[in-house]
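These notes are about the structure you will find just below.
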Amino acid sequence: MIIELNELLGVLEDLRGRKRIVFTNGCFDILHAGHADYLKKAKSLGDVLVVGINSDESIKRIKGEKRPIIPQHLRAFLLDSLKPVDYVVIFEEDTPLELIKAIKPDILVKGADWDLDKIVGADFVLSYGGKVERIEFSFDISTTKIIEKILNLNCF
């Protein structure tokens, strides 16, 4: 379900203590098998998977003016269509720290390419007894690699 933060907080309040809430975030610009595998593994760590996605403006600030490729409402729709994902929330900030503080997940998940001390919100989640999990990637694929491959086809 694509959901606004205030509504999500109400839903999570009803689930807290009965269900393990897992949170992850990312741009999820061009959805690929790596994303699907990552989200499936993230969901397996708990009961409810909340995915925070960067807004279009946030991605522009982080990745540059040519990104995102896919607009936020379509990225949210695609993620919401994936079996492991329970809730999708769009955030405007460059990092998900305020979102993490509001949600207070039981488990915060990022890719294994992130060092623990670089994971935004890790200290906060650990401070109240939550867990931080790093997931190994099964596929050597990324949105950046897909874009580079397309550009190298010289078909434009």
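Observations on the model:
- For the range 20-36, the residues whose backbone nitrogen is under 15 Å from a point 7 Å from the Cα of Phe139, taken along Cα to Cβ, are 28-36.
- Dividing the mean sequence gap of close Cα pairs (under 8 Å, 6+ apart) by how many residues the range 25-139 holds gives a relative contact order of 28 percent.
- Label-zone membership for the range 122-156, site Lys66, 7 angstrom Cα→C-beta point, backbone N under 20 Å: 141-156
- Summed residue charge, Cβ within 14 Å of Leu5's Cβ, Lys/Arg positive, Asp/Glu negative: -4
- Take the Cα of Leu151, step 7 Å toward its Cβ, do the same at Glu7, and the gap between the two points is 3.7 nm.
- What separates the Cα centres of the range 104-134 and the range 41-60 is a distance of 13 Å.
- Compared with the direct C-alpha span, the chain from Lys40 to Glu93 gains 16.5 nm at full extension, assuming 0.36 nm per residue.
- Candidate values (i) 17.5; (ii) 18.0; (iii) 16.0, label of the one derived for Kirkwood radius over Cα pairs in Å: (iii)
- Among 86-99, 54-67, the order from most to least packed when residues are scored by Cβ within 10 Å on average: 86-99, 54-67
All of the numbers you see were taken from the coordinates with simple rules; none came from a lab. The structure presented is a predicted model; accordingly, all values stated were derived computationally and were not measured. Don't worry about glycine lacking a Cβ; one is built from the backbone with ideal geometry, like all the others, and counts go over all protein chains shown.
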